[in-house]
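Below you'll find the structure, written out as structure tokens, and then a few comments.
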Amino acid sequence: MTETLGTTDLRKAFGGVTALDGATVAFQHGRVNALIGPNGSGKTTFFNCVTGMIKPDSGTVTYAGRDITGKAPHRIARGGMGRTFQLCRTFPRMTALENVLSAVPPGGVLGGLRGARRRSEIDRAMGWLSRLGIEHLAGSEARDMSWGQQKLLELAGVLMAEPETVLLDEPAGGVNPALLDRIGVLIRELNAEGRTFVIVEHNMDLVMSISDHIVVFDRGRPIADGPPSVIKTDERVLGAYLGV
Amino acid sequence: MLNASRYLKIGAVVLLAVAILAFPSLAPNPYILSAGVLVLNYAVLSTSWNFVGGFTGYISLGHGALAGLGAYGTGLLVAKGGLPPFLALFAGAALVAALAVPIGFAALRVRGASFVIVSIALVLILLLVFQSSASVTGGSRGLVVPRPFDLTRPEHHRVFYYLFAGLLAVALLAWWLIDRSRFGLGLKSIREDEDKAEALGTATFSYKLIVFVVSAGFTALAGGLYALWFGDLDPVFQFSILTGSYLVLMALLGGVRQLFGPVAGAIIVGTALEYFKVEYGDTPLHLVATGLLLGLVVLFMPDGILPAIGDLLKRFDRTQKSSIREVTAAELREQRRGEQDDPNRTAMTEAGR
């Protein structure tokens, strides 16, 4: 399998707290990758480092063979890597349609004074909203939507930018079981269309059912990786995380 | 229902335009006319401020300084450089816009309260600079700017009244164009959540810098026009923290997310300021009243007067759904029905691409 997103010896400390302690990770292109581990094991810091939101103290991040360490988040996003946030983030006082339209597709530059409401863009945005089942909310402001609807909206925005690789930070957090199933199905569908996923998630049922490859973090570095069947029986993983 | 409110909006805008254009003919004396010029000057300034404040949510208290720079730039180019007045006006504004690049480069790196403080620092620094370099700026003795036209006082006011009205129209047009553009959408997403906007591929810093420069350009044009109209500049008034505060108050009062919000705010606050000055002279009562007004707006109309009026009208409009709750309940029902009918909803609706 070719590599999509990878890191070498990534380190990041916040004051005296070491969040990432020499993390060397390789995710697989075209697969659903999962990143699991106990709270505070550095998963979100890892996401923030590879998407450029924070700068690692040392180490390198590569994406599709290019070094992207320390690049600005918008450049990384336009390079084809989209992400959602742990506590779902939308633009509260903008409508669902505007939320989705504000995603910049790859190669899109400043955009100039061109109208944001071009037919083709609106059609594409509405396409994503309806695929996620929230097209009836297109005209509602995000702040009036429920938590689950906002999670779907955030995902629609990320997908609007046409990323090759999608990083999801706890897509199942605070979501009801019915919606959870839908999100699982959707991830598999999008993966079948050629998108690579990296998912941070605590819901083990979801992780085990949708991922091809799992990386387990503990104390800022990977302690195991492999397919779900292997991870389920790995002694170190059971001890550190699954708590069995 | 949409048409009714749209006609109402267009009607209100036409009424406003007619009122602004007819004002000089109705003004009973030159003093009232000059007050009208001041109010229009405030309208241009707060609309210019709203390019940054309304779109990106960065609250600048330093726009008074940008207006002051425009005033001194134009004034010095006329008085010392011997340029024709209106060439000086545009050259001055271009200089300020160019200067806004390094200023914005430094100031826009910080957000929230830090940005507000940096913008205040800009005013204080420039006040000291312009007061102390008296050999060029005239310092506290002031700078006299020759008048561009040889007219009587009422005629002079009338001409400048229409010049300010024209500048206001251009500023409003520019704001409107940005508002409906992709660029504007990016700016608004910065206002809502800057990190999220960046994660979606928006080059947030460039966006902010560009709109700051546009805002500075319009602010400087208003400042320069003021210099040509008033003919006398003093650093204490040009680089006053009060100017920026008034602009923020006007924009917030009218509504920062509305095209005509700052204009509405400028008409209310500007008129009130002039009234208080006439009634209570040099007492600081107008400042007390302004402070009270700001408190009331923030408490009761956090989105400004225009949205509050819009909500009020909606309440009387029976064709529209009357409450948010009702809408959500209907949507919920629809959603449930959708899920029951068709469990494979996501699979069925093949991405509408």
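Per-structure values
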quantity: Filter result for A:Gly52 (assigned to a strand (DSSP E or B) and farther than 22 Å from A:Val207 by Cβ); calculated: no
quantity: Sole exception among (1) in a strand (DSSP E or B); (2) within 14 Å of another protein chain (Cβ to nearest Cβ) for A:Asp9, by number; calculated: (2)
quantity: Some residue of the stretch B:138-152 being modelled with pLDDT under 95, hydroxyl-bearing (Ser, Thr, Tyr) and part of a helix (DSSP H, G or I); calculated: yes
quantity: Where B:Arg191 falls short, out of the listed (1) within 27 Å of A:Glu98 (Cβ to Cβ); (2) touching a strand residue (DSSP E or B) at 6+ places or on another chain (Cβ under 7 Å); (3) not aromatic (Phe, Trp, Tyr); calculated: (2)
quantity: Subset of the stretch B:1-13 (residues that are under 14 Å from B:Val263 (Cα atoms) and either among the β-branched types (Val, Ile, Thr) or touching a Leu at 6+ places or on another chain (Cβ under 9 Å) (or both)); calculated: B:Val13
quantity: Filter result for B:Ser240 (away from every other protein chain (no Cβ under 11 Å) and under 26 Å from B:Ala94 (Cβ atoms)); calculated: yes
quantity: Some residue of the stretch B:162-175 being in contact with a Leu (Cβ under 9 Å, 6 or more places away or on another chain), crowded, with 19+ Cβ neighbours inside 10 Å, within 14 Å of another protein chain (Cβ to nearest Cβ) and hydrophobic (A, V, I, L, M, F, W, C); calculated: yes
quantity: Identity of the residue in the stretch A:58-100, over 30 Å from A:Ser140 (Cβ atoms) and among the polar types (S, T, N, Q), that ends up nearest to the other protein chains (Cβ to nearest Cβ); calculated: A:Thr69
quantity: Residue satisfying condition, being touching a helix residue (DSSP H, G or I) at 6+ places or on another chain (Cβ under 6 Å), surrounded by fewer than 23 Cβ atoms within 10 Å (Cβ to Cβ) and more than 20 Å from B:Leu108 (Cβ to Cβ), within set B:Arg191, B:Arg158; calculated: B:Arg158
quantity: Selection within the stretch A:1-21 - in contact with a Leu (Cβ under 7 Å, 6 or more places away or on another chain) and surrounded by fewer than 24 Cβ atoms within 10 Å (Cβ to Cβ); calculated: A:Arg11, A:Lys12
quantity: Unmet criterion (only one of (1) at pLDDT below 95; (2) surrounded by fewer than 24 Cβ atoms within 10 Å (Cβ to Cβ); (3) not hydrophobic (A, V, I, L, M, F, W, C)) for B:Gly62; calculated: (2)
quantity: Unique residue being in a helix (DSSP H, G or I), of a type in the set (Val, Ile, Thr) and without any contact (Cβ under 8 Å) to a residue 60 or more places away in the chain when the list is B:Val129, B:Val96, B:Val110, B:Val101; calculated: B:Val129
quantity: Extreme residue, farthest from the other protein chains (Cβ to nearest Cβ), among residues of the stretch A:135-146 that are of a type in the set (A, V, I, L, M) and outside any helix (DSSP H, G or I); calculated: A:Ala138
quantity: Selected residue (criterion: nearest to A:Ser41 (Cα to Cα)) from residues of the stretch A:157-178 that are away from every other protein chain (no Cβ under 12 Å) and assigned to a loop (DSSP other than H, G, I, E, B); calculated: A:Glu170
quantity: Tally, over the stretch B:265-284, of residues that are touching a residue at least 12 places away in the same chain (Cβ under 8 Å) and surrounded by fewer than 24 Cβ atoms within 10 Å (Cβ to Cβ); calculated: 8
quantity: A:Gln149, sole failed condition from (1) more than 11 Å from every other protein chain (Cβ to nearest Cβ); (2) at negative phi; calculated: (1)
quantity: Test for B:Leu253: is it more than 12 Å from chain A (Cβ to nearest Cβ), at pLDDT 80 or above and under 30 Å from B:Ile10 (Cα atoms); calculated: yes
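The values are calculated or read from the model by the stated rules, or taken from the named source; none is laboratory data. Since this is a predicted model, take the numbers as computed values, not measurements. Note that each Cβ is placed from the backbone with ideal geometry, even for glycine, and that neighbours are counted across all protein chains shown.
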